[in-house]
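K.L.:
Structure incoming, see below.
The values are calculated or read from the model by the stated rules, or taken from the named source; none is laboratory data. Not measured: the values here are computed from a predicted model. Don't worry about glycine lacking a Cβ; one is built from the backbone with ideal geometry, like all the others, and counts go over all protein chains shown. The area values use the complete protein model at the heavy-atom level, side chains included, leaving out ligands, DNA and RNA. Shrake-Rupley method; radii C 1.70, N 1.55, O 1.52, S 1.80 Å.
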Amino acid sequence: MKVTLFDFQKDALHQLRDKLLAARNFASSENPQAIAFSAPTGSGKTIVMTALFEAILDEPDDQLAWPLDWQPQPDAVILWVSDMPELNEQTKLKIESKSDRVYRVNQLIPIDSSFDAERLHGGRVYFINTQKLGNDKLLTKVGDGRTYSIWTTLTNTAKAIPDRFYVVIDEAHRGMAGGRGAREAQTLMQRFLLGYPEVGLIKMPLVIGVSATPKRFMDLLEHAPHTVHKVAIPPDEVRQSGLLKDRILIHHPESATTAEMALLEEAARRWAQMTKAWGSYCKEEGEQTVWPVLVVQVDNATASSVTRTSLTDALNVIESAIGRRLNEGEVAHAMHDTGDMDVDRRRVRKVDASRIDADKNIGVVFFKTSLSTGWDCPRAEVMMSFRRAEDHTYIAQLLGRMVRTPLARRIERDAALNDVHLFLPYFDTRAVESVVESLHNVEDVPPSETGSSRNLVVLGRRAETDDIFSALADLVTYRVNAARAQSHLRRLMAISRNLTMDEIDDDAWDNAKRRIVDWMTTQIKGMKSAGLFASAMQAITRVGLKTLAVNNGTGFTEPGADYHIDASDVDIDRLFEEAGRALSHGMHMAYWQANADRDAFDVKVEVIVLSRSHPAMSLMESAAEKAFDTLYDAHKKAIAKLKEQRRSNYERLRLATAKPSEVPWHLPESIDFRRQPTDPVWDRHLYVEADGHFRAALGAWEAGVLQEELSRADVVGWLRNLDRKPWSLEIPYETGGDIRPMFPDLVIIRKAGDDFTVDILEPHDPSLGDNFEKAIGLARFAERHGELFGRIQMIRKQASPAGGERFARLEINETATIKQLLLITSNPQLDDLFAKLAV
């Protein structure tokens, strides 16, 4: 693969692999098998399927841990079925762009009306759409030079290789047209599952259904006899990955208006702002420039015009808003009922929807309804719709195609680049609420935060706070379950390679390889000296056989002589490659090269034996973990100065352990925030809106504590520490044997002379069951990092001896308090500590 899969994609791929191993052993037309693979829009279903195709037709990608019992099928046939040719073309382009292993010339084959073959050829991926499968279509007929109908071709293929013929039904990108066309497409899809005896089509023995939710494909399977195996990607994991925009901001008038061109002008200004922001970000980060697209949905056609919307007025308004004339080729349309257009001496070229994203010259796209069907364009950042309010469901579905992030990751530095904007001149507040409600349907749209632009804002750093943010950069935070745990050997090799690539430590990569080869040598020598190697080697190099003699006349059996044969070179090579995947980063080859003067067979066997020895691998893993921490600590200041994308690679490696690890606390230039325009204004917050104010509705306890803090003259800033943001201050705590994150509500910054002191304040309801567990988490944090902070307090509201209620503060960042907190095991014990120590 040309891309690295996210952890949730690897999980889905491993599940698909396991289901396929179970299904293909039994697949036949009499015992058909179906795998229902469901994942929300934007999760990368096609990428996962591409990696699966690589594993089937060639070899699994090196980034995947693949079991020994998986055997590639180079003569397998894959048939991808959708209901539109445009969808097939888009899928084909995506597979070509993401795979580096199996998809060479003539391996990806669209089936057109001239196709005629007895059966599909092995080692290929074919594409067909239901529009070519109607009874009146050429593919379904014989005669006039055609020997085989497509139904006969598919039946012959299924009978010849039932365990190697994979029919993929693409329900995820099904066209949204309703009525007769949709019913016909579904009927044709079902023929692959139910068979079609009238034309000789048997039930396809091995079907994979790809859908946004399980319901779509399960509806197709309603009357099918297939044994069903299910694989699903959780929506939350897609959201956390950064593949999707964080927020959809809807701009609309308070009441429906006819000032449509005024909103288009504002949309064009937003497009220009996004273009400038992306240009600045990509230049500073050394990324290939992202060119945002303004998508304009126009009204339906009239008797005399391709659309009721005035394209001349629209182009004039856009040019006025951006302060320049649109360039040649910058404007395109995706309307099916016309070709290139001349609009007031401007050429508006026609373009296929699947080609928009790749054509970087395109900045403005006009369309009616065509972009809703399986269209992927991560560059589409701003949309303006001339549609009326009754189209809210359609608009919600269309937005599902616009929420992919252009760089396939969340942008840390500029929160505005994680937003997508929708302008709706004909939608009042109530109609917008209908759009938002429709957006919550994860079948059509991913789970992004959605709301009115009046409430969703971007906050920037408050003026003259550079020194405060510099002080905060010296602090640490934790990230709990932020990355999947990896082998420490793999982590060590990855960080060493990155340090050399980023020119931080030119020798790190070579030194790590030498060190691991030395560890391998030491462990192998230790196994030999302990007398453990010979038996392990024999288990690999010799195969024991038993003989059973059967008397042909009587049927009696008697055991014959047992004997052994040597494992073949092919078996040893296969096990050697498997050992390489366990060691990672080609370390099996590095060991071989370091022992090039010895017999290759002996060296390979040593690597195989080592990789299968749990004690030896555990010792190497432990050494690798220490080496990783040493390398990271030695270079963390240089890592902190890297560009955002490169720095995030190190943080993922740092966090890819079973136990939480601390990382430097990076606060971005801007953050996203939800508030009401009428919320109270709070003084001295580190992030503010464009007017210099911070508005937020705080809980009663938070507001009370904050008022006490802001009454102090030495408080120069504070941060509302939101839950589960990429920038949040996060502290681990243990509950029920699990490690979970907590997010203290308030971070307070005090100044004395030239120095800043940072406090962590957590107002916490004593009735909550996790009260003592979070207190212990804070105590452990203070024990490890207390010298970096001032006060670390858990705060309660309780009765005051003087009458009324006051906030009682338990100061945790004191050695005596830490010792007592680490001994408690219940909430009543914490209550006793509060009674004794809180002030």
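K.L.:
Less than 25 Å apart at the alpha-carbon level, and either on another chain or at least 8 residues along: which lysines does that give for K641?
P.N.:
Straight-distance partners of K641: K276, K283, K626, K725.
K.L.:
To continue, here is another question. Between (1) 16, 42, 30, 11, 1; (2) 13, 42, 31, 8, 4, 2, 0; (3) 13, 37, 36, 13, 2, 0, which entry matches P(r) over Cα pairs in 20 Å bins from 0, in percent as derived from the coordinates of this structure?
P.N.:
Computed from the coordinates, P(r) over Cα pairs in 20 Å bins from 0, in percent corresponds to (3).
K.L.:
I'd like the Karplus ³J(HN,Hα) series for segment 798-805: coefficients 6.51, -1.76, 1.60, θ = phi - 60°, whole numbers in Hz, and an x wherever there's a Gly or Pro.
P.N.:
Those phi angles translate into 8, 4, 9, x, 7, x, x, 10 Hz.
K.L.:
Students often get this wrong, so check it: of K19/K203; K245/K513; K513/K637; K10/K245; K19/K94, which have C-alpha atoms separated by over 30 Å?
P.N.:
Checking Cα-Cα distances, K245/K513 exceed 30 Å.
K.L.:
On a 1.4 Å probe surface of the protein chains, which of D61, D597, D474 comes out largest in accessible area, and what is the full order?
P.N.:
Ranking D61, D597, D474 by accessible area, largest first, yields D597, D474, D61.
K.L.:
If you don't mind, another one. Under a 1.4 Å probe, what is the accessible area of segment 769-839 per residue, stated in Å²?
P.N.:
Accessible area per residue, segment 769-839: 50 Å².
K.L.:
Tell me the accessible surface of R684 in square angstrom (1.4 angstrom probe, heavy atoms of protein chains only), to the nearest ten.
P.N.:
We get 60 Å² for R684.
K.L.:
Subtracting the Cα-Cα distance from 0.36 nm times the residue separation, let me have the gained length for A408 to K141 in nm, one decimal.
P.N.:
91.7 nm
K.L.:
For segment 600-659, with only Lys/Arg (+1) and Asp/Glu (-1) charged at the beta-carbon, what is the dipole magnitude about the Cα centre, in debye rounded to 20?
P.N.:
Here the size comes out at about 460 debye.
K.L.:
Suppose we keep just the DSSP beta bridges with both residues in the chain; what percent of those would be antiparallel, to 5?
P.N.:
Looking only at bridges with both residues in the chain, the antiparallel portion is about 45 percent.
K.L.:
Read phi for every residue in segment 525-541 and hand back ³J(HN,Hα) as whole Hz from Karplus 6.51 cos²θ - 1.76 cosθ + 1.60, θ = phi - 60°, with x for Gly and Pro.
P.N.:
Rounded to whole hertz, the list is 4, x, 5, 5, 5, 8, x, 9, 7, 4, 5, 5, 5, 5, 4, 9, 8.
K.L.:
For each pair in K751/K797; K2/K659; K528/K604; K525/K604, compute the distance between the two Cα atoms and list the pairs where it is over 20 Å.
P.N.:
Beyond 20 Å: K751/K797; K2/K659.
K.L.:
At 0.36 nm per residue, and after removing the present C-alpha to C-alpha distance, how many nm does the segment from Q288 to R515 gain when stretched out fully?
P.N.:
78.1 nm
K.L.:
Normalised by the residues of the chain, what does the relative contact order come to in percent, with Cα pairs under 8 Å and at least six apart?
P.N.:
Worked out over the chain, it gives 10 percent.
K.L.:
Once you have the Cα-Cα distance between K2 and K725, take 0.36 nm times their residue separation minus that, and quote the gain in nm to one decimal.
P.N.:
Residue separation times 0.36 nm, minus the Cα-Cα distance, leaves 257.4 nm.
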